[in-house]
1. For segment B:16-29, name all the residues that are in contact with a strand residue (DSSP E or B) (Cβ under 6 Å, 6 or more places away or on another chain) and surrounded by fewer than 17 Cβ atoms within 10 Å (Cβ to Cβ).
2. Can we say residue A:140 is in contact with a strand residue (DSSP E or B) (Cβ under 6 Å, 6 or more places away or on another chain), modelled with pLDDT of 90 or more and away from every other protein chain (no Cβ under 14 Å)?
3. Out of B:116, B:71, which single residue is modelled with pLDDT of 90 or more, outside any loop (DSSP other than H, G, I, E, B) and closer than 29 Å to residue B:275 by Cβ?
4. Working only within segment A:150-176, note down all residues that are within 10 Å of chain B (Cβ to nearest Cβ), crowded, with 20+ Cβ neighbours inside 10 Å and modelled with pLDDT of 85 or more.
5. Name the single residue, out of those in segment B:76-108 being away from chain A (no Cβ under 14 Å) and either part of a loop (DSSP other than H, G, I, E, B) or on the phi > 0 side of the Ramachandran plot (or both), that is surrounded by the most Cβ atoms within 10 Å (Cβ to Cβ).
6. Looking at segment B:55-65 only, could you name the residues that are at the interface with chain A (Cβ under 9 Å from one of its Cβ atoms) and surrounded by fewer than 17 Cβ atoms within 10 Å (Cβ to Cβ)?
7. For segment A:177-204, which residues satisfy the criterion of being in a helix (DSSP H, G or I), in contact with a helix residue (DSSP H, G or I) (Cβ under 7 Å, 6 or more places away or on another chain), farther than 22 Å from residue A:277 by Cα and within 14 Å of chain B (Cβ to nearest Cβ)?
């Protein structure tokens with residue numbers, strides 16, 4: 001087939017905090033007429049297997065993926081992994097680690113809310129919550145709203161749930177990068193300027209950060225991202241070229257949970273693609 | 001200028017916007033913008049203290065839905081974030097206005113619409129009295145920028161500030177003197193002022209302005225004419241309207257308020273300021289405002305020009321008259337008068353309209369003034385049939401002739417004129433250089449002696465005839481009668497110490513040219529030089 005022009009390599013299903021099921025997201029990808037896509041749930045690969053089972057002839061190229069939340073003394077990172085084998089023990093271990101930390105935190109949060117504010121939920125609700133693939137603050141927030149402890153999910157998070165912080169319970173970036181590489185995948189730094197989503201890292205700080213992650217084995221950066229302006233995009237492409245990194249493009253679509261359109265990555269299919277992106281696409285072309 | 005954005009939907013951003021509340025704020029903003037899809041939006045960030053990338057993304061998403069979205073009142077710290085992340089290139093982000101106090105500041109200028117204060121060693125702030133000052137400041141900045149891009153030397157304000165309840169624009173303090181000041185303090189420099197003023201007028205009148213960038217001044221004048229035409233005797237109002245309508249449309253730049261207060265000398269650079277009246281149209285409209293500034297307003301009470309400019313009515317009239325002569329390159333009084341009469345046909349209706357709309361206290365004086373203007377207009381309309389200055393100017397001008405102030409500063413222009421003419425014939429570089437030398441000798445003589453100690457004009461005429469190819473250069477001035485050919489040739493054989501200082505110029509000229517002749521006729525010195533090529 002010809003070189004993919006319409007791509008979106010960053011989206012979330014209901015396996016993590018998106019609102020579309022893997023089936024629904026595949027339907028949307030098909031109707032958008034994308035050439036290549038990847039599903040990247042937070043610390044989870046379940047959707048990859050589901051989608052693989054649904055693919056048929058003529059579908060866009062599917063690249064298995066995941067987005068790992070990481071942290072170290074220097075800050076927070078979201079590291080994307082692409083093209084690994086979703087059954088590979090290295091990835092499963094990473095997912096399990098992320099999942100267990102997550103479960104630990106959810107449990108601790110529920111205890112904190114009960115002890116500190118006296119918020120309790122029916123057993124059925126907490127069980128359902130813990131049975132989710134990737135429960136997090138938004139899910140607890142929704143529950144609090146449902147039982148009248150907070151007026152909104154945001155109020156629940158900022159006023160109550162954020163009252164407890166976890167300093168040491170995290171996956172380190174080198175662990176995520178190593179796991180992805182071990183499973184035959186490509187580690188890519190998601191939305192580099194935005195850290196784990198809410199930082200704003202620019203200039204020298206950005207460069208240092210990338211060099212440190214490259215030491216761990218980072219191979220690419222997400223230079224095309226729905227939340228970047230043209231200037232940020234150009235800067236990240238230049239950074240990638242300076243360091244010989246691969247380039248990816250992703251929207252970070254979350255269904256109804258985020259105001260982002262599927263396929264909106266800032267990449268103009270009519271323009272010439274940067275070299276790092278071409279190299280990435282070459283790897284996964286059928 | 002009409003600001004369409006005044007009809008925009010407004011919403012406020014306040015406090016901190018980070019990942020903790022970005023989605024709440026986004027929901028709130030969306031609620032406020034509901035039903036306004038695609039419409040212009042103004043986000044007021046005056047109370048915004050912090051914005052993280054989550055907040056930036058909220059704005060980015062809104063921009064995708066409302067192309068015409070701008071954020072105003074942004075603090076400098078937050079502006080920096082918008083700038084670093086490329087938001088300032090993608091959308092309009094306006095900084096909060098700095099507040100400047102002018103209490104106790106020296107007033108260095110005062111105009112119809114406000115005052116100019118000196119706020120520190122290097123800066124002045126120009127304040128505006130009217131309610132929509134901000135729109136006016138923006139307009140002035142935009143047109144000044146346009147003028148600069150199109151090649152007009154002007155000053156541009158670099159900041160907009162709050163001054164009390166109103167706004168002001170900050171300019172770098174130029175070590176500048178207006179021509180008004182120069183005319184008052186150094187009246188002997190009037191010829192310099194006239195020359196530079198005319199140069200500036202010709203420059204702006206030669207600039208073609210892209211369609212739609214500036215208002216058409218003809219429309220504005222037509223409105224005034226329509227309002228006053230019925231106060232004129234039967235038939236004359238319609239005649240006037242017809243004449244104004246017949247003035248051809250033009251894309252040339254017009255300053256619209258070009259009097260000596262608005263042209264300044266900064267170092268050796270001449271700048272045009274107060275660009276808010278910039279428009280496009282036929283140059284006659286420029287002269288309308290100029291005539292009124294120097295003559296029109298003070299026709300009944302000559303004290304008015306003294307009050308406004310600081311120089312008297314006689315100086316104003318002389319400056320105006322010399323400007324016309326220089327602009328139209330003629331000292332033919334009939335031609336100048338014909339031009340002025342056409343200009344006055346526009347100037348009086350404008351004054352009558354202005355006076356009707358700006359009533360003052362002294363009703364009697366106002367009436368007398370308006371009656372004088374009206375009677376003069378009526379008299380003019382009896383004999384003026386068109387407002388075509390080009391025709392007069394062309395009739396009064398010969399393409400082979402240059403009429404110019406006899407001043408050594410104008411020598412380059414004279415030489416250029418002669419060389420342009422010589423280019424039409426096959427003239428060797430050597431012959432051209434020789435003739436330039438001759439022209440220099442003669443013109444400098446006229447500049448230095450013909451009118452001394454006063455100033456006057458000279459005409460230089462260049463003709464080229466065939467078989468044999470001959471160049472004839474004629475110099476005409478109205479100065480004291482003087483025949484340079486009568487002077488004895490200097491004895492060039494004498495040793496340097498014994499030679500006379502003067503007389504070499506005309507001697508050289510005689511050597512270079514093949515024939516020289518002089519006559520004094522009709523009060524004019526006419527010196528003719530001929531050279532065969």
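The values are calculated or read from the model by the stated rules, or taken from the named source; none is laboratory data. Not measured: the values here are computed from a predicted model. So basically every Cβ, Gly included, is an ideal-geometry build from the backbone, and we count neighbours across all protein chains shown.
1. B:16
2. no
3. Result of the check over B:116, B:71: B:71.
4. A:157
5. If we take residues in segment B:76-108 being away from chain A (no Cβ under 14 Å) and either part of a loop (DSSP other than H, G, I, E, B) or on the phi > 0 side of the Ramachandran plot (or both), then B:100 is surrounded by the most Cβ atoms within 10 Å (Cβ to Cβ).
6. B:64
7. Matches in segment A:177-204: none.
Matching residues to (1) modelled with pLDDT of 95 or more; (2) surrounded by fewer than 16 Cβ atoms within 10 Å (Cβ to Cβ); (3) over 23 Å from residue A:275 (Cβ atoms):
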site	(1), (2), (3)
A:1	no, yes, no
A:7	yes, no, no
A:27	yes, yes, yes
A:64	yes, no, yes
